[in-house]
Every structure is written in structure tokens, then in C-alpha cells.
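Data block below; observations after.
The values are calculated or read from the model by the stated rules, or taken from the named source; none is laboratory data. Since we're looking at a predicted model, the values are computed, not measured. Every residue, glycine among them, receives a Cβ derived from its backbone with ideal geometry; neighbour counts consider all protein chains shown.
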Amino acid sequence: MKNDFNFSLTASASRLHSRFASVFVVALVNFFAISTLLITMPRLAGAQAAPQGHLLIYSIDVEGGQSTLLVSPSGVSLLVDTGWPDSNGRDAGRIQAAMRDAGITRIDHLLITHYHTDHVGGVPELVKRVEVGEFLDHGPNREDSESTRTGFNAYLQAIAGRPRRIVHPGDTISIPGLSIVVLTADGDHISAVPGIALQPNPFCAPEHSWPDDPTENARSSGILVTFGGFKFLDLGDLTGQKEVALVCPFNPIGIVNLYLVTHHGMDLSNSRAIVDAVRPRVAIMNNGAHKAGMPVAWQTVHDSPGLEDLWQLHYAEGSDAAHNSPDPLIANLKGSAGTSADGAYFKVVASPDGSFSVTNTRTGQTKAYPPE
């Protein structure tokens with residue numbers, strides 16, 4: 001009996017050991033499988049990040065100035081302009097909010113289109129908060145005015161000892177996955193863009209003459225951003241005479257998907273010769289509540305052949321209802337400037353097939369534009 005009992009105990013222990021070993025092996029296999037899956041899964045930048053393989057463009061509300069953030073699929077960033085100077089850091093804070101949404105913590109390239117305060121004024125505060133890889137601009141200030149000299153000098157002081165590059169027409173800004181070509185800078189312009197066939201511009205003949213512009217606006221650095229079949233055009237505050245020179249008699253830009261309305265929708269810019277020639281599918285006007293968004297410029301963009309929507313950062317309170325877009329296409333409504341409801345921005349998510357979407361952060365609504 002004793003031997004039988006010992007045998008029974010030994011057999012039970014053997015079965016228990018075998019069962020434990022099987023469970024352990026299964027658990028070990030599952031652990032390695034889950035670990036491998038976690039390692040190979042794509043890392044998400046955050047809940048607000050766009051799907052992989054998309055270009056992000058943020059049109060940030062800096063109250064009638066410019067600040068436009070681009071983030072490539074690889075996470076490399078370009079900021080165009082920085083808005084106004086402000087002791088409380090309003091515009092720097094709004095840029096940082098867009099950066100958080102995009103999942104980035106530094107600016108790789110910062111392009112200053114020209115030295116007016118609403119474009120360059122935010123640099124000193126921004127560099128206190130954010131690391132910037134390089135600064136790009138068109139070179140010396142060309143405008144004889146106290147405010148512009150002050151803005152330019154403050155810019156130079158803020159970036160002293162940091163990498164700076166002066167850009168010329170035809171130069172490029174190197175960001176993996178994107179082609180970024182400088183079209184205009186310091187009053188000069190490109191004659192052809194690599195890969196784009198020159199086409200006669202039929203809108204040149206009826207264009208009226210534009211006056212000379214001695215200000216920094218005419219010196220604006222403008223860029224064409226290409227992401228596969230998607231194209232984005234930003235010409236800063238380039239004025240009419242320089243616009244016409246850029247696209248007449250031949251248009252080197254071609255057709256674009258998204259157009260940042262030049263000069264915040266001022267009627268010193270936005271000639272039909274350029275707006276109709278580039279034939280934007282969608283336009284974003286970075287006007288302020290009490291700055292720009294002028295009826296003539298608004299109408300020119302609105303009537304451009306092929307335009308589907310004109311989005312505005314603010315309701316133009318100096319205009320009328322007939323020259324403002326419908327409320328869903330406006331980020332900041334009438335009467336919101338300077339209130340807690342102010343500061344909404346547009347977020348564009350673009351794909352290399354040419355499709356894209358625009359989200360109005362005031363409403364949270366997104367409109368999609370499928371490939372054409």
C-alpha cells in the first residue's frame with residue numbers, strides 16, 4: 001500500500017508539473033508575441049495627431065498677422081511668421097497650442113516673409129519658449145519706417161548667434177517628403193519651378209496696372225509647397241505689381257489645392273492675374289476682425305474659377321455680410337475678438353493623392369475635399 005501511495009503522489013506531482021510547464025510556455029509565447037506587436041506598432045504622437053503619411057498645415061489666429069505651421073509626415077516642421085509682439089505672449093502661446101496638437105516640441109525651420117510687425121514681431125517671445133533649428137529671411141530690411149526698423153532690429157537681436165540663412169528665388173527648404181521652393185524674395189521672383197511646365201497666362205491681358213510699392217510687403221518671401229499631388233501657396237504680403245510680374249506672361253506655379261489669401265485679404269494684393277491663374281480649390285484668409293478681409297479682394301478670391309470654399313480666420317467686421325463667408329467657414333465670429341471665444345484656428349490634413357480636409361477648431365467640424 002505504501003508503495004502504491006508513493007507512486008500516486010509521484011504521478012500526481014508529475015502531472016501537476018507538466019500542466020504548470022504547459023501554462024508557463026503558453027504565457028511566455030503570448031508575452032513575446034505581445035511585446036513584438038508593441039515594438040512594431042507605429043508610435044502615435046497623440047490623440048490629435050493626423051494619420052501617418054499626412055501633411056499638417058495650421059493657420060493660426062494671430063489677429064490679422066500671419067503664423068502658419070506646417071508639419072511633414074516625418075515630423076519635421078516649418079513655421080512661416082510669428083504674429084505680433086505681445087508682453088503676455090498671446091501669439092507665441094497660440095503657436096505652441098498648434099505645436100502640441102501636431103505632437104512636436106521644436107520648430108525646425110522658421111521663415112520670416114518680411115519685417116512688418118504682424119509677421120516678425122512674435123520672434124523674441126517665441127524663441128524664449130521654443131527651440132528653433134534655423135531662421136530664414138530675405139536679408140536686410142528695405143523699408144524706411146520706424147516700426148519696420150524696430151521690428152527688424154528686435155528680430156536680429158533675438159536670433160543672434162543662431163543659424164540664419166538668407167533665401168533667394170529658386171532656393172529650397174529641405175524637409176523630407178515635401179518640395180518647398182522659394183518663389184519670391186527681396187523683390188525678385190522665380191522664372192520657372194522645376195517639374196512644372198510654363199503655361200501662358202490668359203488672365204494677364206485684362207489685368208490693370210498696379211503701383212510701385214516701396215514697403216517690405218513687396219519684398220515678401222513666398223513659397224510653393226508640394227506634397228505629392230497636393231500644392232499649397234503662401235506669398236506672405238506680396239503686393240499686386242510683384243504678383244503680376246511673377247505669373248505674367250507665363251504662370252510658373254500651375255494650379256494649387258490650397259491658397260493662403262495674400263496680405264490677409266487686402267486690396268493692395270490678390271490680383272486676378274495670379275488668383276485666377278493658380279485656380280485654388282480652397283482658400284484660407286488670415287484676416288483679423290478689424291484688419292483686411294476687404295470686399296474687393298474677398299470677391300476676387302471668391303469668384304476664382306474652381307474655388308469651392310473661402311475660409312476666414314475672423315468675420316471681417318469692417319465689411320458686410322455679402323463679403324463674409326458663411327459662419328461654418330469662419331474660425332472666430334463677429335464680436336469674438338479679444339474675448340475668451342477668440343483664438344480658434346484652422347487645421348488642414350493633406351494626403352499625397354491631393355485630397356485634404358479643413359477643420360474649424362471653433363466648431364470641431366471637418367470638411368473633406370476628395371481627390372479630383
Check: Among the listed residues ALA344, ALA316, which satisfies the condition of being of a type in the set (A, V, I, L, M), crowded, with 21+ Cβ neighbours inside 10 Å and in contact (Cβ under 8 Å) with a residue 24 or more places away in the chain?
Finding: ALA316
Note to self: Filter the range 347-358 down to the residues that are under 18 Å from ASP309 (Cα atoms) and either free of Cβ contacts under 8 Å to residues at least 24 places away in the same chain or hydroxyl-bearing (Ser, Thr, Tyr) (or both) and list them by number.
What the structure shows: SER355, SER357
Margin query: Among the residues in the range 143-155, are any in contact with a His (Cβ under 8 Å, 6 or more places away or on another chain) and assigned to a strand (DSSP E or B)?
Written below: no
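This table checks each residue for (1) within 22 Å of the chain's Cα centre (by Cα); (2) surrounded by fewer than 21 Cβ atoms within 10 Å (Cβ to Cβ); (3) among the hydrophobic types (A, V, I, L, M, F, W, C); (4) under 17 Å from VAL275 (Cα atoms).
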{"position": "LEU183", "(1), (2), (3), (4)": "yes, no, yes, yes"}
{"position": "PRO206", "(1), (2), (3), (4)": "no, yes, no, yes"}
{"position": "PRO211", "(1), (2), (3), (4)": "no, yes, no, no"}
{"position": "PRO214", "(1), (2), (3), (4)": "no, yes, no, no"}
Check: Listed residues PRO200, PRO163, PRO211, PRO194; which is under 16 Å from HIS138 (Cα atoms), without any contact (Cβ under 8 Å) to a residue 60 or more places away in the chain and not polar (S, T, N, Q)?
Finding: PRO163
Check: Failed condition for VAL296, given (1) under 29 Å from ASP327 (Cβ atoms); (2) assigned to a loop (DSSP other than H, G, I, E, B); (3) β-branched (Val, Ile, Thr), with all others met?
Finding: (2)
Next item on the list: Working carefully through the options ALA205, ALA273, ALA297, ALA218, find the one that is out of contact with any Asp or Glu (no Cβ under 9 Å at 6 or more places or on another chain) and over 26 Å from PRO371 (Cβ atoms).
Entry: ALA205
Checklist line | Breaking point among (1) among the small types (Gly, Ala, Ser); (2) without any contact (Cβ under 8 Å) to a residue 40 or more places away in the chain; (3) surrounded by fewer than 20 Cβ atoms within 10 Å (Cβ to Cβ), for SER179 | finding: (2)
Check: Counting only residues that are part of a loop (DSSP other than H, G, I, E, B) and among the acidic types (Asp, Glu), which one in the range 72-93 is modelled with the lowest pLDDT?
Finding: ASP86
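Condition check ((1) of a type in the set (A, V, I, L, M); (2) surrounded by 16 or more Cβ atoms within 10 Å (Cβ to Cβ); (3) out of contact with any Phe, Trp or Tyr (no Cβ under 6 Å at 6 or more places or on another chain)) across all residues:
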{"site": "ASP137", "(1), (2), (3)": "no, yes, yes"}
{"site": "ASP144", "(1), (2), (3)": "no, no, yes"}
{"site": "ILE175", "(1), (2), (3)": "yes, yes, yes"}
{"site": "LEU198", "(1), (2), (3)": "yes, no, no"}
Checklist line | All positions within the range 162-196 that are in contact with a Pro (Cβ under 9 Å, 6 or more places away or on another chain), farther than 14 Å from LEU246 by Cβ and in a loop (DSSP other than H, G, I, E, B) | finding: PRO176, GLY177, LEU178
Next item on the list: Taking only the range 55-83 into account, find how many residues are on the phi < 0 side of the Ramachandran plot, surrounded by fewer than 22 Cβ atoms within 10 Å (Cβ to Cβ) and of a type outside the set (S, T, N, Q).
Entry: 2
